[in-house]
Amino acid sequence: MHPIENLLNQQVEKGHTPSVQYRFFDARQCLYRHSVGLADVESGQAPTCDTLYQAYSVTKTFTAVALLQLAERGILDLNDPLKKHLPGLPYPANITLQHLLNHSAGIANPMPLNWIHLPEEHPNFDEWAFFRPVLQKNAKPGAAPNEKFAYSNLGYVLLGKVIEQASGMAYTSYVERYILDKLTLPPDSIGFHLAGTERSAKGYQSYFSLMNAVMGFMMDKRKFMLPRTGSWQAFRPLYVNGSAYGGLFGIPEAFMAYVQALLQPESVLLSGRSRQLMFAENKLKNGQPSGMSLSWYCGQLNGIAYRAHAGGGGGFYVEIRLYPTLQKGSAIFFNRTGVRDERFLDKVDRFMLE
């Protein structure tokens with residue numbers, strides 16, 4: 001058995017997740033894939049290449065690509081003050097779009113586990129009406145711009161609004177037209193709308209866990225969760241309240257195609273100069289590296305530099321990664337709750353890099 005298969009199979013066998021899917025690829029093709037477990041515990045359905053996952057904060061990297069595209073077209077500048085585009089906000093005038101992109105703006109990051117709504121609520125959901133009081137409540141910055149790294153979902157809510165103001169399009173429409181459509185994928189492979197529960201993995205929470213107990217204080221479990229099956233309790237299908245910080249759904253091959261497009265020398269998404277800018281690690285005022293570029297975390301594995309982002313929330317945990325010097329990338333998908341950046345790909349990719 002391949003060591004990767006053994007590692008991932010144990011994740012299922014030991015009850016850490018109902019299922020997991022992994023991809024390792026270069027700029028043109030998939031080099032290794034493995035899937036194991038159940039996408040739906042109740043029905044016994046296994047995960048496939050067409051299984052949809054909720055990507056949560058992986059969406060932030062798409063938001064960054066959108067901002068860089070608009071900068072390439074001269075519609076905005078990443079050094080623009082936020083208030084140039086959103087003048088009515090209660091934030092300091094010296095916060096720029098770049099500060100928001102690299103999480104150095106000092107804006108608060110309230111726990112977003114209850115920033116969710118059901119599909120039947122989605123057609124009438126008003127994102128800006130929801131976030132306006134949240135922004136007012138969290139108006140005081142925790143630090144001066146570029147003083148320290150401080151991850152903020154609210155910062156990306158603001159960037160989504162900037163994209164709307166600058167482009168004259170809804171955020172989701174812009175991303176669909178200028179990013180997703182350029183990947184030339186089959187219909188319903190990736191997007192901001194649930195394409196049908198028959199194709200979607202069910203997201204689960206381990207029933208006998210501290211996190212499950214905590215969730216009882218963070219959200220209405222009767223509204224958002226189903227009765228448990230064995231040791232797992234499933235979430236109902238749900239949307240996050242802010243598309244720009246965590247709204248994407250997609251199949252593994254769609255996220256692989258996205259990373260491949262960023263690896264290719266002649267990318268359909270961004271110029272080489274913009275990609276170089278996006279992947280350049282930010283340095284704080286004190287000269288220290290922050291560990292974050294424009295939306296991508298910076299790291300090394302086996303001495304090889306990578307850029308990565310995780311996405312986690314109720315029922316799902318996803319990581320995507322690229323190794324620019326190797327022109328290779330990876331992605332992993334779990335249908336279990338994740339609430340922190342686990343760097344799980346460090347455990348898996350090392351076998352592919354040896």
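This table checks each residue for (1) among the aliphatic types (A, V, I, L, M); (2) within 20 Å of N241 (Cβ to Cβ); (3) in contact (Cβ under 8 Å) with a residue 60 or more places away in the chain.
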| site | (1), (2), (3) |
| --- | --- |
| F130 | no, yes, yes |
| G142 | no, no, no |
| L159 | yes, yes, yes |
| D181 | no, no, no |
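Residues of segment 255-283 being surrounded by fewer than 19 Cβ atoms within 10 Å (Cβ to Cβ) and closer than 19 Å to D341 by Cβ, which ones? Answer for segment 255-283, where residues must be surrounded by fewer than 19 Cβ atoms within 10 Å (Cβ to Cβ) and closer than 19 Å to D341 by Cβ: F279, E281. Looking across segment 1-51 at every residue that is in contact with a strand residue (DSSP E or B) (Cβ under 7 Å, 6 or more places away or on another chain) and of a type in the set (D, E, K, R), the one that is surrounded by the most Cβ atoms within 10 Å (Cβ to Cβ) is identified as R23. Here F62, F25 are screened, and the one residue that is touching a helix residue (DSSP H, G or I) at 6+ places or on another chain (Cβ under 7 Å), outside any helix (DSSP H, G or I) and modelled with pLDDT of 95 or more is F25. What about E164, is it out of contact with any strand residue (DSSP E or B) (no Cβ under 7 Å at 6 or more places or on another chain), free of Cβ contacts under 8 Å to residues at least 60 places away in the same chain and part of a helix (DSSP H, G or I)? Yes. Within segment 271-292, the set of residues being in a strand (DSSP E or B) and of a type in the set (S, T, N, Q) is empty.
Among the residues making up segment 303-340, none is modelled with pLDDT under 95 and over 22 Å from A234 (Cα atoms). The listed residues are L100, L89, and the only one of them that is assigned to a helix (DSSP H, G or I) and not acidic (D, E) turns out to be L100. Give me a count of the residues in segment 70-116 that are more than 24 Å from A139 (Cα to Cα) and within 22 Å of the chain's Cα centre (by Cα). Result for segment 70-116: 2.
Test K202 against the stated conditions and say whether it is assigned to a helix (DSSP H, G or I) and more than 17 Å from the chain's Cα centre (by Cα). Criteria not met by K202. Looking only at residues that are assigned to a loop (DSSP other than H, G, I, E, B) and either surrounded by 15 or more Cβ atoms within 10 Å (Cβ to Cβ) or at pLDDT 95 or above (or both) in segment 173-189, which one is nearest to the chain's Cα centre (by Cα)? Among those that are assigned to a loop (DSSP other than H, G, I, E, B) and either surrounded by 15 or more Cβ atoms within 10 Å (Cβ to Cβ) or at pLDDT 95 or above (or both), it is S189. Residues in segment 205-242 that are within 18 Å of the chain's Cα centre (by Cα) and either assigned to a loop (DSSP other than H, G, I, E, B) or over 28 Å from Y156 (Cα atoms) (or both): P237, L238, N241, G242. So for segment 293-304 (the condition being touching a residue at least 24 places away in the same chain (Cβ under 8 Å), in a strand (DSSP E or B) and under 20 Å from E253 (Cα atoms)), does at least one residue qualify? No, that holds for no residue. Out of all the residues in segment 305-354, which are touching a helix residue (DSSP H, G or I) at 6+ places or on another chain (Cβ under 7 Å), farther than 21 Å from Y245 by Cβ and assigned to a strand (DSSP E or B)? Listed by number, the residues that qualify are G329, S330.
Among the residues of segment 190-218, count how many are farther than 18 Å from R340 by Cα and either surrounded by fewer than 19 Cβ atoms within 10 Å (Cβ to Cβ) or β-branched (V, I, T) (or both). Even if it seems obvious, please write down each step before you answer.
At the first step, the residues of segment 190-218 found to be farther than 18 Å from R340 by Cα are 190-202, 207-208, 216-217.
Within this subset, residues satisfying the condition of being either surrounded by fewer than 19 Cβ atoms within 10 Å (Cβ to Cβ) or β-branched (V, I, T) (or both) are 190, 193-199, 207-208, 216-217.
Here the count works out to 12.
Restricting segment 114-133 to residues that are surrounded by fewer than 18 Cβ atoms within 10 Å (Cβ to Cβ) and in contact with a helix residue (DSSP H, G or I) (Cβ under 8 Å, 6 or more places away or on another chain), which is modelled with the lowest pLDDT? The qualifying residue modelled with the lowest pLDDT is N114. The requirement of being under 28 Å from T48 (Cβ atoms) and surrounded by fewer than 21 Cβ atoms within 10 Å (Cβ to Cβ) is satisfied by R350.
The values are calculated or read from the model by the stated rules, or taken from the named source; none is laboratory data. Since the model is a prediction, treat every value here as computed from it, not as a measurement. Cβ: placed from backbone, ideal geometry, glycine included. Neighbour counts: every protein chain shown.
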